[in-house]
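Novice: Following this message is one structure expressed as structure tokens.
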Amino acid sequence: MRKNARDDPAARLGLDAGAAFGVSWTFQLDAAKGDTVPEEKKSLIKKIRSTGAMKKLMADYFNELKEAQDTGSAKIAWCTSVGPAELLRSFGFQVYFPENHGALLGASRIAAELIPAANAIGYSPDICSYLTSDVGAYLRKKTPLTPAFGLDGAPKADLLVYNTNQCRDVQDWLAFYQREWKVPLAGIDSPRNLGEITKNQVESLASQHKALIPLLEEVSGRRFDIDRLREVMESSYRCTQLWKTVLKLAEHKPSPLTFFDGTIHMGPAVVLRGDPRAEAYYKLLISELEERIAEGHSAVEDESLRFYWEGMPVWGKLRDHAETFAGHKACVVASTYCNSWIFEPLGSKDPFEGMALAYSELFIVRSEEYKEEYLARMVESYGIDGFIYHDAKTCPNNSNNRYGLPERIQETLGVPHVVINGDLNDLRMYSEEQARTQFEALVEQLHERGELR
Amino acid sequence: MTGESGFFCGVDIGASASKLVLIDRSGDAAARVVRHSGVDYAETAELCFAEALETAGATREQVHGVVSTGYGRDNVSFADVRRTEIHCHGVGCYHQIPRAMAIIDIGGQDNKIIHLDARGRRQSFKMNRKCAAGTGAFIEEIALRLGLDVGALDALAQTTADAVKLSSFCTVFAKTEILAHLRQGRPVEGIIRGAFQSVIARVVEMDTLDGEVVLTGGVVAHNPTIRDILSERIGRDVTVPPFPQFTGALGAAVLALRDAAATETKDA
Ligand code: SF4
């Protein structure tokens, strides 16, 4: 039965789409017809049934943000993707994640027309292209959230909260809106390049989280409630565990899902962690993927090579990449990117220490030695044949090829790699042909080495 | 059934030039053709093929396998198989120089470094970034700035050992640098040698180069001085195979021959 367009915002666009990170590839199809797989060529991407439920959940999330904005039913807090979302949610904030919007602008391929607007007011084309696309979207008053969810722009914040664990750009990004809207900006200043995380570091981060409380009380008009925080943390932890289970199902050979599926289905883990609806969604997804395994189905037909994707996705090329790998019977089974929303320490007894550790334990915050060990574990558990490193022009923080890591991994583990030059959002920095040739050359190399299973 | 005779074809449709090699069953070249790739890759490939058949005195039916490679590899309608230029360059080099080596290929629009082990298996490779630095395109731009035909550069570069150093990565900046050198009355020959050095500098900083270094591609084919500059830079001899511009096409032809041989063995 055809869905009522009023129930499905994506259907209003004529799209089979959700929202980033729950972005559907069809956003891309609409944005750049002719630049994707020709219609007559059958897609090699296998659909995941649960996607419908995820789209609904993501639509509900955006509709709630719209309602909060329109009616003032709740205060809106912007939070960077690995920022203190649990703490904000415990105060009843509707939490909005600007990187989610950044990814949506990338996936819908309108980033390239928005970035120049930010460049023109002094934001360099060399800084984070999430930032420049998002600021450009604000300046040009253009966002896919309008046709999809009736939002006339990103929902206006009552409060802006960052954590510099991932980069400094997030702070500068939110500072733009602080100046525009004259709303408070606060955050956590994290140390980076961490080896072992010391007690002092955890204490300092925990106290920075606590120091946010008076401001959050003031903006939300609610008193801090530790029981409520514990409740949110527990839900967030369960969500994280379920998301981990989803990703670990890809250890199965052949894998029931790809990295490209992961970038879409991570939506609820990013924007709704701490909300029980995200947990329910992942239970559904897990049962579908387990069913695939039980029935002997795989995400990529006749999977014969297994890759690891290191770095940001190229949002505007997700579909092309998924098709290219599937065309070579290769499955990208794991990625640092999707793994970054597994926060084990959220289960800690002390919620502040839990948040402090969860948001500093991440790959992006860690030392080269840690990263090397981490990737070695991934090779082992997922049976990785090769690495794809994405050197994203505007995100040095998430481009882990720049300090000799691929070479060291190749040397110690004998796992070959390619480095793709590109960007998360700015497709002007990406050469389709070079990327394709490099993927294919790596596949040829692995075939030649007789490493096909 | 292919019989004992017959030819095998490799077509390398590069961004600037298209190269085609026909080899016979013993792996020797029977024809080599090069043309500008132009805008219609499919047509260029056809024209190369027709010319090669004529040179070899062969018919299409006598060609028992075609492998295409290069940027335009998908546009070669008569190809049986497509392979990347990275693979084909490795195979083409190893066919002529059967040892472990580091291959540097400098083409019109890109460059690559490929490491092969003693059995010819690729160990790793790198391609350049999306930029003219370190490619033939850089040299073409410099020729344009100097108002010279690109074909005249090598002879001029050979007349001097005093290179005028160009330090900019960026082609546009390098051209501005050249203007400054010209204003200061620096000799054109030295500037050209400096431009060649710049190409080599951009390439060698991409990767480490252990063992024997083999240089291929259109840039060294047209500018043999590039080999000397690379040799100076790394402090040892550099091998250039005969017909370095055809290495990828030769590798593709060798792959066509191997594929045919494998099929025949299977069918036998
Ligand atoms: S980590 Fe990279 S992509 Fe994410 S906000 Fe920072 S600079 Fe942008």
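Novice: B:Thr208 versus B:Ser77, label points 7 Å from Cα toward the beta carbon: distance in nm?
Specialist: Reported label-point gap for B:Thr208 and B:Ser77 is 4.9 nm.
Novice: If you don't mind, another one. Run the simple label-point estimate for A:Glu407 and A:Asp302 please: 7 Å along Cα→C-beta, distance reported in nm.
Specialist: 3.8
Novice: Between A:Ser73 and A:Thr245, what's the calculated FRET efficiency when r is the beta-carbon distance and R0 is 35 Å? Round to 0.05.
Specialist: Working: r = 34 Å, r/R0 = 0.97.
Calculated transfer efficiency: 0.55.
Novice: Another question, if that's okay. Check the stretch B:99-240 and count each lysine pair with an alpha-carbon distance under 19 angstrom, considering only pairs eight or more places apart or from different chains.
Specialist: 4
Novice: Based on Cβ point charges of +1 for Lys and Arg and -1 for Asp and Glu, what charge dipole magnitude is obtained for chain B about its Cα centre, in debye rounded to the nearest 20?
Specialist: My answer is approximately 840 debye.
Novice: Which whole-Hz couplings ³J(HN,Hα) result when phi for each residue of the stretch B:21-35 is put into the Karplus expression 6.51 cos²θ - 1.76 cosθ + 1.60, θ = phi - 60°, listed in order with x for Gly and Pro?
Specialist: Each residue of the stretch B:21-35 in turn: 10, 10, 10, 8, 5, 8, x, 8, 6, 9, 7, 9, 9, 10, 9 Hz.
Novice: Enumerate by residue number the trypsin sites (Lys or Arg not before Pro) in the stretch A:191-245 meeting two conditions: DSSP loop (anything except H, G, I, E, B), and at most 12 other Cβ atoms within 10 Å of the site's Cβ.
Specialist: Working: sites: A:Arg192, A:Lys199, A:Lys210, A:Arg222, A:Arg223, A:Arg228, A:Arg230, A:Arg238, A:Lys244; in loops: A:Arg192, A:Arg222, A:Arg223.
Within the stretch A:191-245, the qualifying trypsin sites (Lys or Arg not before Pro) (loop, at most 12 other Cβ atoms within 10 Å) are A:Arg223.
Novice: For a paramagnetic label modelled at 7 Å from the Cα of A:Trp181 toward its Cβ, which residues of the stretch A:148-172 fall within the zone defined by backbone nitrogen distances under 14 Å?
Specialist: A:152-162
Novice: Straight-line reach from A:Lys142: which lysines have Cα under 27 Å away, leaving out those fewer than 8 places along the same chain?
Specialist: Here the lysines satisfying the reach criterion relative to A:Lys142 are A:Lys3, A:Lys33, A:Lys55, A:Lys56, A:Lys66, A:Lys75, A:Lys156, A:Lys182, A:Lys317, A:Lys393.
Novice: Report, in degrees rounded to the nearest 10, the 0 to 90 angle that the Cα long axis of helix A:169-181 makes with the longest principal axis of chain A.
Specialist: Roughly 40 degrees between the two axes.
Novice: Based on DSSP loop calls and a cut-off of at most 16 other Cβ atoms within 10 Å, the longest stretch of chain A free of exposed GluC sites (Glu not before Pro) is what?
Specialist: The segment A:41-195 is the longest one with no such site.
Novice: Please list the non-local residues whose amide H lies under 5 Å from the amide H of A:Gly187, H modeled 1.01 Å from N, same-chain partners needing a gap of 5 or more.
Specialist: So A:Gly187 has HN proximity to A:Tyr162.
Novice: Hey, what angle do you get for helix B:136-146 against the long axis of chain B, alpha-carbon based, 0 to 90 degrees rounded to 10?
Specialist: Between the helix axis and the principal axis of chain B, the angle is about 40 degrees.
Novice: While we're looking at this one, here's another question. Over the stretch A:5-448, how many percent of alpha carbon pairs lie in each 10 Å bin up to the one with the longest distance?
Specialist: All Cα pairs considered, the percentages come to 4, 22, 34, 28, 11, 1, 0.
Novice: Taking amide H positions as placed 1.01 Å from N in the peptide plane, with prolines and chain starts having none, which residues 5 or more places from B:Asn111, or on another chain, fall under 5 Å of its amide H?
Specialist: B:Asn128
Novice: Taking 0.36 nm per residue of separation and subtracting the Cα-Cα distance, what length does fully extending B:Thr55 through B:Thr159 add?
Specialist: 33.8 nm
Novice: So, with +1 on the Cβ of K and R and -1 on the Cβ of D and E, and no other charges, what is the size of the charge dipole of the stretch A:5-448 about its Cα centre, to the nearest 20 debye? Could the numbers behind the result be given before it?
Specialist: Details: 49 positive and 64 negative charges, 213 e Å.
I would put it at about 1020 debye.
Novice: I'd like the FRET efficiency for B:Asp267 and B:Arg119, computed as 1/(1 + (r/R0)^6) with the beta carbon distance as r and R0 of 22 Å, rounded to 0.05.
Specialist: About 0.25, to the nearest 0.05.
Novice: Per residue of the stretch A:96-102, what does 6.51 cos²θ - 1.76 cosθ + 1.60 with θ = phi - 60° give for ³J(HN,Hα)? Whole Hz please, x for Gly and Pro, Karplus curve as stated.
Specialist: Using θ = phi - 60°, the values come out as 10, 10, x, 5, 4, 5, x Hz.
Novice: When a/c reaches 1.5 or more, the comparison of a/b and b/c decides; with that in mind, is chain B rounded, prolate or oblate per its Cα gyration tensor?
Specialist: prolate
Novice: While we're on this one: Determine the gain in length on full extension of the stretch A:Asn63-A:Asp126; use 0.36 nm per residue of separation and subtract their C-alpha separation, reporting nm with one decimal.
Specialist: 19.3 nm
Novice: Residues of the stretch B:239-268 with the amide nitrogen closer than 18 Å to a label point 7 Å from the Cα of A:Glu433, along Cα-to-Cβ, please.
Specialist: B:246-249
Novice: Let me ask something else. Could you tell me which residue out of A:Val300, A:Leu131, A:Trp181 lies farthest along the dipole of the protein assembly as shown toward its positive end? Charges go on the beta carbon: Lys and Arg +1, Asp and Glu -1, centred on the Cα centre.
Specialist: A:Trp181
Novice: Residues in the stretch A:341-359, backbone N under 19 Å from the label point at A:Asp227 (7 Å along the Cα-to-beta-carbon vector): list them, ranges by number please.
Specialist: In the stretch A:341-359, the label zone of A:Asp227 (backbone N under 19 Å from the point 7 Å along Cα→Cβ) covers A:349-352.
Novice: With label points built 7 Å along Cα→Cβ from the Cα atoms of A:Asp152 and A:Lys199, find their separation and express it in nm.
Specialist: Computed distance between label sites A:Asp152 and A:Lys199 equals 5.5 nm.
Novice: If you don't mind, another one. When only DSSP loop residues count, what GluC sites (Glu not before Pro) in the stretch B:172-227 have their Cβ near at most 12 other Cβ atoms within 10 Å?
Specialist: Listed in order of number, the matching sites are B:Glu205.
Novice: Classify the stretch A:357-453 as rounded, prolate or oblate from the Cα gyration tensor: take a ≥ b ≥ c as the square roots of its eigenvalues, call it rounded if a/c is under 1.5, otherwise prolate when a/b beats b/c and oblate if not.
Specialist: Oblate shape, in that a/c is at least 1.5 and b/c is the bigger or equal ratio.
Novice: Something else now. Whole-Hz Karplus ³J(HN,Hα) for the stretch A:214-222, in order, using 6.51 cos²θ - 1.76 cosθ + 1.60 and θ = phi - 60°, x for Gly and Pro?
Specialist: Calculated HN-Hα couplings, in order: x, 5, 5, 5, 5, 6, 7, x, 10 Hz.
Novice: In terms of the Cα gyration tensor, with a ≥ b ≥ c the square roots of its eigenvalues, is the stretch B:1-145 rounded because a/c is under 1.5, prolate because a/b exceeds b/c, or oblate?
Specialist: oblate
Novice: Amide H to amide H, which residues 5 or more places from B:Thr216 or on other chains are under 5 Å from it, using H placed in the peptide plane?
Specialist: B:Ile104, B:Asp105, B:Ile106
None of the figures in this text is laboratory data; all of them are computed from the coordinates on show. Just so we're clear, the structure is a prediction, and the values are computed from it rather than from any experiment. Backbone-built Cβ (ideal geometry, glycine too); neighbour counts: all protein chains shown.
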